[in-house]
Structure formats: C-alpha cells, structure tokens
1. Is it true that residue 396 is of a type outside the set (D, E, K, R), in contact with a Lys or Arg (Cβ under 9 Å, 6 or more places away or on another chain) and more than 20 Å from residue 260 (Cβ to Cβ)?
2. In the range 104-131, what residues are surrounded by fewer than 19 Cβ atoms within 10 Å (Cβ to Cβ) and part of a loop (DSSP other than H, G, I, E, B)?
3. Pairs, please: C-beta under 6 Å, at least 6 apart or cross-chain, first residue over 18 Å from residue 89 (Cβ atoms) and in the range 300-327, second among the hydrophobic types (A, V, I, L, M, F, W, C)?
4. Do we have residue 389 as outside any helix (DSSP H, G or I) and either closer than 30 Å to residue 58 by Cα or of a type in the set (Ser, Thr, Tyr) (or both) here?
5. If you scan the range 348-407, which residues turn out to be within 21 Å of residue 421 (Cβ to Cβ) and polar (S, T, N, Q)?
6. Given the range 45-103, what helices (runs of 4 or more DSSP H) lie entirely inside it while holding 2 or more residues that are surrounded by 17 or more Cβ atoms within 10 Å (Cβ to Cβ), touching a Lys or Arg at 6+ places or on another chain (Cβ under 9 Å) and not basic (Lys, Arg)?
7. Look through 179, 146 and report the one residue that is under 21 Å from residue 122 (Cα atoms), outside the structural domain of residue 380 (by TED's automatic domain parsing), crowded, with 17+ Cβ neighbours inside 10 Å and within 19 Å of the chain's Cα centre (by Cα).
8. Name the residues in the range 342-394 that are surrounded by fewer than 17 Cβ atoms within 10 Å (Cβ to Cβ) and of a type in the set (D, E, K, R), would you?
Amino acid sequence: MLDAGAKGGPMSQLYPFTDPQAAAPRRIVSGHGIRVRDDQGREFIDAVAALWCASLGFDDARLRRAASEQMAELAYYHSFMGRTPAVTERLADRLVARLPAPLSQVFFATSGSEAVESAAKIARYYQSARGRPDKMRFIAREGAYHGSGQMSAALTGLSYCHTGFGLPLPAVLRTGRPHHFRDAEPGESEIAFSKRRARELDALIRAEDAGTIAAFIGEPAMGAGGVILPPEGYWAEIQEVLARHDILLIADEIITGFGRTGEWFGCETWGIRPDMMTLAKQLTASYFPLSAVAISGEMARAIGGFAHQHGTFGHGFTYGGHPVGSAVALETLDIYEEMDLPAQVARLGAHLGRRLARLADRPGIGQLRRQGLLAAVEMTRAEDAARVAAEAEQRGVFFRLIGPVLAIAPPYVATPEDLDAIMDVMEAALDACAVEVAGVP
C-alpha cells in the first residue's frame, strides 16, 4: 500500500480541519470503550468522544448488531416520491414523541452540516409559505459553529471556516457571543450581560429590518467556539427579542442533543422553546451518518400546504433517513432509555465536577465550566492551553484544544474511574507544563 506522499506529491487525503503541510496524522485503527488505539499500538482515552459524538464509546455490540441486521434486511432505500423505509418512519415517530414542544415533524439528512443547510432552506421555505418571501436572512453569533457547508459555514462565526471560501454570505448577520467570562464589562453581572446582549440583538434587528430576517440560529451551549455555557437569563432575554420581531429560533442541538447537558436536549436544560432544531452526532452515537431537522407543528402545516400547491417539497438527500442509520438510531435511543440517560449524565457529571473543582486555585486557570458531561478548562493564555493539550496527548489523553480552552465531553459509557484517569492526566499535564499566572487578555 502506498504511504502518504509516496508519489512525491501531497498526501492522498485532504484532511478536514488540518494543516495540509503538517506531519501525517495519527492513524487510529481500533477502539474499545472510551479508548482508541493507533497503528503504533499506543492507546488513548478520547476525552471529547471524538468530535463530541461517540456517546456510547467505540465498540458497542448492540449498535453493530443493529446495523448488521438492517443491512441484511434492507441495505438501502430512499424517502423520495411517496416511498420510505419502514424503519425510517419508525424513527421519525420515536423522535417526535421524544422532542420538546412545539416540535412535531422531522426531516432526515446525513450530517450536522446538512441538517443546518436544510434548516436554513426550510426556514426560508416556511417564510415564503406564509406570504413573507422577503424574510430570507439569518442572524448567527460570533464564535458559533454550525457546520462546513456553504450556508452552514456562513452561519459559523469562526474565521478559519471563511477565509478563502468566499464566506460569510451577505444573508448572514452577526451578533455577540454569550461569553460572560471574556466579554463582560468590568463589574457586569451575568444578568446584566445577558440583557446587554439582548439589547444588542434588538438594535441589530431594528437596523437591518425584521421583515428581511427569517431566523436566528444558536447552540444552546456553544461547542467548537469554546464550550461557552449561556449566562444567567440569556436565553429568556434572547427569546423575548425574537418573539417581538417575528423571527424563528433554530436551536442547533448537534452537540448538545441527546443528553450531553444532563437533559435529553439542551433546550430543556435552559428553557428554550425553539421553532426548529438540528440534530446529529449522538442520534446514532455516530456509528452511522444520520441527522435530522425538527420543525414545529405550525411550520409543518404551512410547509405542507405550500408544497402541495407546488406539487412537491423540493428538497432532500439520497442518503437522508438511510435505513441502516435509522435502525442504529432506534437502538441508540433504546440504550439511552435503558441507562436512564439524564440520571447517568447527572451521576458522571457530578463526579467530573468534583475533579474539575480541584483545579480552581491552580495558576493559569481562568475559568472552569461544566453542565452535565460538557466541560471546559479555560486557561488565561492560549499558548498555555496548547502546551497542556500536547503534554496530555503524550500521556495518553486527547482533549479538544480551542484557543485557550481544553474541552471535555466524554462518552456516556465512561466510568468514574475513567473520569479520574482523564483528570489525573489533566493535573499531571498542568504540573509538567508549570503554567504561570497570566492576566486575562
């Protein structure tokens, strides 16, 4: 087999979110529980469930069996033109029964980026259906991550997803992130900060004309932007502004959905009542590519009538609602219910919280954040965080490095002993790097 660069040119694969001229990536060949092994025989704990997604670890026998059995029965079929796999229909019913109000219908895709792309199109379609065709723009937040497609990357508020791609798009308006620790004014409380962010949003909408804005999109808790948990009162203030201006709320639950924050959905954790929701990652524990967009009953009725007038709903993906993915998702939901997902996350989250608290007085620590099994160790300096992450990898633990933040989001099958192993390495890496106190920039 040819190795990378064997032909004298670039590596055979253009790796996503990777420096193409960096060293060849670590090759992962197997996984067990919350651990993976590379082709050199080294074992690592993945403290972020890969990409916030491997919620049941890397070798669940039940999910493998569900995929195998469905593959033997119906390996593929679509949901176009009046046909759909029966297993996909069962999954839709199951999701609708689980989703918070007012969500009552789902559309299937294959990735989080596709889900966000679809949510944007569906929001526009709904506005056309209700006779508001000028409401075509979107509001997204600084530091947000919503995917790497065209519109989903435009909605993303991270420059590395824009540079060189002709992004962001004019249809996207930007408002501030809910990061009280970094962005609050001196002496500003969380409540005051949340109210200020809401006033800024209101001013933006008034300046840009609410009659041109279809929807606001936000992660209940921001993930790739630095594990930013909403400050006190934030979502109540934001929802009040959106309701006043007749703007849809899209909750991007691709990271937070299915238990990550201690409830089934982040919307339930923070009292969010969305018009739309995007789901992926933990829907199948990432054993098969599958995603979904959920919409309210009001939206479903308007879209259904409008599509009927035009003879079809003209949007879909070849592999959306794949029967194998649907079977895996149904089994994943069974496992979550059997483990009593919120209680499991509460138990493990409390243990993780106790270990995080031990870091509070260490030099170089800016802030510790946790909700459920989503946590951040934010250093005062990004360069210190990078050193700690590299040291931790040498000691056998992968953390997610996001600027000054070390993110932690382990699989739900982790044990307290696994969490201790993760945090033991965190502490040892901090000791080894001898991080010095630095001021918050």
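1. Details: of a type outside the set (D, E, K, R): yes; in contact with a Lys or Arg (Cβ under 9 Å, 6 or more places away or on another chain): yes; more than 20 Å from residue 260 (Cβ to Cβ): yes.
Considered against the rule, which asks whether it is of a type outside the set (D, E, K, R), in contact with a Lys or Arg (Cβ under 9 Å, 6 or more places away or on another chain) and more than 20 Å from residue 260 (Cβ to Cβ), residue 396 comes out as yes.
2. 130, 131
3. Matching pairs, first to second residue: 302/129; 303/129; 306/129; 307/313.
4. On the way: outside any helix (DSSP H, G or I): no; either closer than 30 Å to residue 58 by Cα or of a type in the set (Ser, Thr, Tyr) (or both): yes.
No.
5. Hit for the range 348-407 is 394, nothing else.
6. Numbers: elements: 49-52, 61-73, 86-98.
Qualifying helices (runs of 4 or more DSSP H): 49-52.
7. Working: 179 fails: under 21 Å from residue 122 (Cα atoms).
Within the list 179, 146, the selection yields 146.
8. Within the range 342-394, 347, 354, 358, 361, 362, 383 meet the criteria.
The values are calculated or read from the model by the stated rules, or taken from the named source; none is laboratory data. Here the structure is a predicted model, which means the values were calculated and not measured. FYI the Cβ positions are ideal-geometry reconstructions off the backbone, even for glycines, and counts take in every protein chain you see.
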